[in-house]
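Peer 1: I am attaching a structure below and will ask some questions about it afterwards.
The values are calculated or read from the model by the stated rules, or taken from the named source; none is laboratory data. Keep in mind it's a predicted model, so treat the numbers as computed, not measured. Reconstructed Cβ throughout: ideal geometry from the backbone, glycine too, with neighbour counts over all protein chains shown. For accessibility, only protein heavy atoms count, side chains too; no ligands or nucleic acids. Shrake-Rupley method; radii C 1.70, N 1.55, O 1.52, S 1.80 Å.
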Amino acid sequence: MISNSVFKNTVLFSVLLMVSCGSSLKKIDEKENKKEAVAENTTSEIQTGADNYKAYLPLLKDKKIGIVTNQTGILSNKTHLVDFLLEQKINLQKIFAPEHGFRGTADAGEHVVDGKDAKTGLPIISLYGDNKKPKAEQLTGIDILIFDLQDVGARFYTYISSLHYIMEACAENNIQLIILDRPNPNGAFVDGPILEKEFTSFIGMHPIPTLHGMTIGEYGQMINGEKWLKNGILCNLKVIPCLNYKREMVYSLPVKPSPNLPNDQAINLYASLCLFEGTNVSSGRGTEKQFQIYGSPFLPKSGFNFTPISNFGSKDPMNKGLLCYGEDLTAIPKVTQLELKWLIKAYNETSDKSKFFTPFFTKLAGTKKLQQQIETGVSETDIRKSWEKGLKDFKEMRKKYLIY
């Protein structure tokens, strides 16, 4: 047994040791907690520009505000930005809506008309169809325009084209533009052929690769910096950045960015499978697996088939009502580049190669060369090699505009 004196001395020594080490232990704990906090922030604590409201609300005070947004313009608590701004007593004047409309329900390419938001009563101006660029009279009385749309990082996804016209209209009418930035779910990838000037269209307005690897805020800075607006005019642009974000992070979108991108897999495969939109092969529109499957009636019979029908987001899909054979890619690992293997395979296996490509393919590719390479049997490896210089030059230019 331990004597009372020894026990007392042991207790006293333990207390003194705890007191003397307490501050050190506290410091260690604080360091560990900070490490854990940083680890959490790099994965699950991303705040979008919309969530970074302390950076932009003071700029809107006593100003008349217009907003370019759709169903993706939400805060982390699922509150729509329009509702949040009204709750903050911001003087919202009108809403400008891109392709698919304010609520994101219109088909790709569908003409969207002007209207009024049933919930707030605010007028809605369509920026798709005949009115891709806001007219001066539509901007009358607006001091600041806010831009908050979720992009997916592909050149032919038209939200960046809408951004171009918005910036141009703001520059011409002396209106400041504030972009509330959002992560790019394909932000770690820069790949594909560079758009050639003669193939400029609304699905490709600038000399960039298919996957540009930038957030929409960074992209806006590039449009300004490279003087891509008409006559080289500059937009009075401010980007409200995301917080705790790096482009290499996996980012899962809280809502569908458009009707035919229903989940993370579709968003990841979108750039690769969208090239099928310029062929006689379905990319899954008219099914529940848009941009996760492909097939056509002109490919060999296989263990996988589907029949496109009219549905939400696609009233008249490619090969509507026809049995299509192809591949199901819903369970494959995430891709980390622009994949050509499915396109090349489908071309090689189609029953009539002369009917495989449509004129739209060149617009999507941004060059005639890709179709020519596939038709003449150039290997995927050599096709990629032909992109190398363009991608290297683009990445060097891009450095100036990166935020993250």
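Peer 1: Mind giving me the nanometre distance, one decimal, between the label points for K78 and V378, set 7 Å out from Cα along Cα→Cβ?
Peer 2: 4.9 nm
Peer 1: Suppose all protein chains stay in the model; what accessible area per residue would a 1.4 Å probe give for the chain, in Å²?
Peer 2: Details: 19050 Å² over 404 residues.
Per residue, the chain has an accessible area of 47 Å².
Peer 1: Also: Looking at the chain, what % of its DSSP beta bridges pair antiparallel, to the nearest 5? Provide the component values of the computation, followed by the final result.
Peer 2: Working: 16 of 37 bridges.
Here the antiparallel bridges make up roughly 45 percent for the chain.
Peer 1: Quick one: if you stick a label point 7 Å off each Cα along the C-beta vector at S386 and N91, how many nm between them?
Peer 2: For S386 paired with N91, the spin-label model returns 5.6 nm.
Peer 1: I'd like the distance between the alpha-carbon centres of region 266-282 and region 150-211, rounded to an integer number of Å.
Peer 2: With region 266-282 and region 150-211 each reduced to a Cα centre, they are spaced 19 Å.
Peer 1: In addition: Cα gyration tensor of region 305-370, axes a ≥ b ≥ c as square roots of the eigenvalues: rounded (a/c below 1.5), prolate (a/b > b/c) or oblate?
Peer 2: Taking the square roots of the gyration eigenvalues as a ≥ b ≥ c, region 305-370 is rounded.
Peer 1: Report the gain in length on full extension from F360 to I233: 0.36 nm times residue separation, minus Cα-Cα distance, nm rounded to one decimal.
Peer 2: 42.7 nm
Peer 1: Taking 0.36 nm per residue of sequence separation and subtracting the Cα-Cα distance, how much length would be gained by fully extending the chain between L243 and K341, in nm to one decimal? Please list the in-between numbers first.
Peer 2: Working: separation 98, 0.36 × 98 = 35.28 nm, distance 3.64 nm.
Once the chain is fully extended between L243 and K341, it gains 31.6 nm.
Peer 1: Another question about this same structure. On each of the three principal axes of the Cα atoms of the chain, give max minus min coordinate, whole Å, ordered largest first.
Peer 2: So the extents along the principal axes, rounded to whole Å, are 100, 59, 42.
Peer 1: Run through region 264-361 and list the GluC sites (Glu not before Pro) located in a DSSP loop whose Cβ has at most 12 other Cβ atoms within 10 Å.
Peer 2: Passing sites in region 264-361 are E288.
Peer 1: For the chain, with all protein chains present and a 1.4 Å probe, just round the carbon and sulfur fraction of the accessible area to a whole percent.
Peer 2: Ligands and nucleic acids excluded, carbon and sulfur give 54 percent.
Peer 1: Let me ask you something else. Kindly report, to the nearest 10 Å², the accessible surface of T287 as traced by a 1.4 Å probe over protein heavy atoms only.
Peer 2: Using a 1.4 Å probe on the heavy atoms, I get roughly 20 Å².
Peer 1: How large are Rg and Dmax for region 121-206 when calculated on the C-alpha trace, in angstrom?
Peer 2: 14.4, 44
Peer 1: If you average the sequence gap of Cα pairs under 8 Å that are 6 or more apart and divide by the length of region 179-263, what percent do you get for the contact order?
Peer 2: 38 percent
Peer 1: Quick check: net charge around I179, other residues with Cβ under 13 Å of its Cβ, Lys/Arg +1 and Asp/Glu -1?
Peer 2: With Lys, Arg at +1 and Asp, Glu at -1, the net is -2.
Peer 1: For V378, V239, V68, give me the order by solvent-accessible area with a 1.4 Å probe, most accessible first, ignoring ligands, DNA and RNA.
Peer 2: V378, V239, V68
Peer 1: Using a cut-off of 12 Å between beta-carbons, work out the net charge of the residues near S386 (Lys and Arg +1, Asp and Glu -1, S386 not included).
Peer 2: +1
Peer 1: For every other residue with a beta carbon closer than 10 angstrom to the beta carbon of H206, add +1 if it is Lys or Arg and -1 if Asp or Glu, then tell me the sum.
Peer 2: My count for the surroundings of H206 gives +1.
Peer 1: What chymotrypsin sites (Phe, Trp or Tyr not before Pro) in region 149-251 are in a loop by DSSP, with at most 12 other Cβ atoms within 10 Å of the Cβ? Present the calculation step by step, with values, prior to reporting the outcome.
Peer 2: Numbers: sites: F156, Y157, Y159, Y165, F189, F199, F202, Y219, W228, Y245, Y251; in loops: F156, Y157, F189, F202, W228, Y245, Y251.
Taking region 149-251 and a limit of 12 other Cβ atoms within 10 Å, no loop chymotrypsin sites (Phe, Trp or Tyr not before Pro) are found.
Peer 1: Heavy atoms of the protein only, probe of 1.4 Å, neighbouring chains included. What is the accessible area of S379 in Å², nearest 10?
Peer 2: About 50 Å², rounded to the nearest 10.
Peer 1: Given a cut-off of under 8 Å on Cα pairs at least six residues apart, what relative contact order in percent is computed for the chain?
Peer 2: Here the relative contact order equals 15 percent.
Peer 1: On a C-alpha basis, how far is the centre of region 352-368 from the centre of region 227-242 in Å? Whole number, if you could?
Peer 2: Taking the Cα centre of region 227-242 as reference, the centre of region 352-368 is 33 Å away.
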